[in-house]
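The values are calculated or read from the model by the stated rules, or taken from the named source; none is laboratory data. Quantities reported herein were computed from a predicted structural model and do not represent experimental measurements. Heads up, the Cβs are rebuilt from the backbone with ideal geometry, glycines too, and the neighbour counts pull from every protein chain shown.
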């Protein structure tokens, strides 16, 4: 059973705001570059080492997905710098 004073306290208290993320977690480029380099290495292995021939479709798909993701990040960064309303913040 809650008292009216307790309920009033809940109404008057603003919701806590989460702390801002550290700058290192807001920078997408280390992840993008690392992923791209790893997919490039996997592609080179898949097309040069006969034992890894079965990797080819997966590595090509991974590299293509990475290229698409990099394009989206670049478009979001450009939109954020332009000040577009729909752009992500913090890029």
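Residue check: residue 44 meets all listed conditions (1) surrounded by 10 or more Cβ atoms within 10 Å (Cβ to Cβ); (2) at pLDDT below 90; (3) more than 25 Å from the chain's Cα centre (by Cα) but one, namely (2).
Scanning segment 47-90 for residues that are exposed (fewer than 15 other Cβ atoms within 10 Å of the Cβ), under 14 Å from residue 29 (Cα atoms) and touching a helix residue (DSSP H, G or I) at 6+ places or on another chain (Cβ under 6 Å) returns a single hit, 90. Pairs linking a residue in segment 58-77 that is in contact (Cβ under 8 Å) with a residue 24 or more places away in the chain to a residue that is loosely packed, with under 13 Cβ neighbours inside 10 Å, with Cβ atoms under 9 Å and 6 or more positions apart or on different chains, are 73/29.
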